1. If you scan segment 33-44, which residues turn out to be over 11 Å from the mean Cα position of the chain (by Cα) and either surrounded by 11 or more Cβ atoms within 10 Å (Cβ to Cβ) or modelled with pLDDT of 85 or more (or both)?
2. Looking only at segment 1-18, count every residue that is assigned to a loop (DSSP other than H, G, I, E, B) and exposed (fewer than 11 other Cβ atoms within 10 Å of the Cβ) and tell me the total.
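The values are calculated or read from the model by the stated rules, or taken from the named source; none is laboratory data. This one's a predicted model, so the numbers in the text were calculated from it and none came from an experiment. Positions of Cβ are generated from backbone atoms using ideal geometry, with glycine treated the same way; all protein chains shown enter the neighbour counts.
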Amino acid sequence: MARKLNNEEERKFIESLQRSDLGQDGTTDEAWSQKLTQKRDKPLNLTPELEEWFNKEFPSEFGF
């Protein structure tokens, strides 16, 4: 079961997040923006079953 962090643990956690987010030029916002862009642009890996399902051609109800 999880427990709540005490003040010191919470402070260390926040500091570690801030250190890991720093970019080459030291700007947190730029590093965060780059990480977000990379995650957004990363293609999704589909299981073989989903890949097969998405590649099927279904008859259109509207005749397109």
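1. Passing the criteria: SER33, GLN34.
2. The number of residues fulfilling the criteria is 5.
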